[in-house]
1. From 40, 28, grab the single residue that is touching an Asp or Glu at 6+ places or on another chain (Cβ under 7 Å) and either polar (S, T, N, Q) or surrounded by 20 or more Cβ atoms within 10 Å (Cβ to Cβ) (or both).
2. Evaluate the stretch 60-67: report whether one residue or more is free of Cβ contacts under 8 Å to residues at least 24 places away in the same chain, of a type in the set (Val, Ile, Thr), part of a helix (DSSP H, G or I) and farther than 27 Å from residue 224 by Cβ.
3. So, in the stretch 4-38, of the ones that are in a helix (DSSP H, G or I) and in contact with a strand residue (DSSP E or B) (Cβ under 8 Å, 6 or more places away or on another chain), which residue ends up modelled with the highest pLDDT?
4. Does residue 224 fit the bill of being in a loop (DSSP other than H, G, I, E, B) and at pLDDT below 90?
5. Is it true that residue 182 is in a strand (DSSP E or B) and not hydrophobic (A, V, I, L, M, F, W, C)?
6. Which one of these does residue 205 not meet: (1) in contact with a helix residue (DSSP H, G or I) (Cβ under 6 Å, 6 or more places away or on another chain); (2) closer than 25 Å to residue 93 by Cα?
7. Quick check on residue 182: is it in contact with a helix residue (DSSP H, G or I) (Cβ under 7 Å, 6 or more places away or on another chain), small (Gly, Ala, Ser) and surrounded by 12 or more Cβ atoms within 10 Å (Cβ to Cβ)?
8. Which residue out of 35, 47 is surrounded by 15 or more Cβ atoms within 10 Å (Cβ to Cβ), out of contact with any helix residue (DSSP H, G or I) (no Cβ under 8 Å at 6 or more places or on another chain) and either free of Cβ contacts under 8 Å to residues at least 40 places away in the same chain or outside the structural domain of residue 81 (by TED's automatic domain parsing) (or both)?
Amino acid sequence: MSSSHMKRLTMPRSWPLTRKTDIWVQKPNPGGHSDEMCMPLGLILRDVLGLAHSQREAKRMVATRKVMVDGRIETDVGRGVGLMDVLTVGEDNFRCILDQNGKLRYRSISDKAAASKLCRVMGKNTIRGGKTQIHLHDGRNIIVEDAKQYNSGDTLVISLPDQEVSGHHAFGEGVQAYLTGGSHIGTTASVVSRDIKRSSKANEVQFEDFGTVADYVFVIGADKDLPLEVKE
């Protein structure tokens, strides 16, 4: 049986918390995001947004059923809220992004922005009936009829709260990309070219001034799609 806590000294570097104030910190429950790309809801409410003074208060907040993740009511303080997720607390909306220091940030967004989220296509496979299952970065899977409709590296726009695909950003030259890893994490840049390797090496993407591996490239429609303008 795995523990629901871990030592603060070993928590992911992406968590914007102090390491030496306490010994323990809550772990996110298993879900679609990796531990490095999400934080437990209770910790966000208490330590990041400051809306609760204690874990008990955070539990009371979610018990009111006024806390939602991706447009759906969430009552579990251990639920991991990760990259691109929309967190709604009462009338306020927040989106999880990575800043230029690689820290997870939950930044305020408008009601209009909270009506959708971006999901990166991580892969796809064929399932029974000849249909294609698309795997997205937040752990969800969608089924489509046309195998060539979406490719790995593309980004889908998911409408909230109905969870339907409402848009599509294809991965290609000239598209705007948000970087989720490497030395340029948290910044946006325009794709110049894509280098697909015919080996076990990682595919690479070239930008005007630098290059990075394809896994760090998250295609977006435009910079305004993400709450990036706040300087830390």
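The values are calculated or read from the model by the stated rules, or taken from the named source; none is laboratory data. None of the values given here were measured: they were computed from a predicted structure. Please note: Cβ atoms are built from the backbone with ideal geometry, for glycine as well, and neighbour counts cover all protein chains shown.
1. Within the list 40, 28, the selection yields 28.
2. yes
3. Once the filter is applied, the top-ranked residue is 37.
4. no
5. no
6. That leaves (2) as the condition not met.
7. Judged against the criteria, residue 182 is a match.
8. 47
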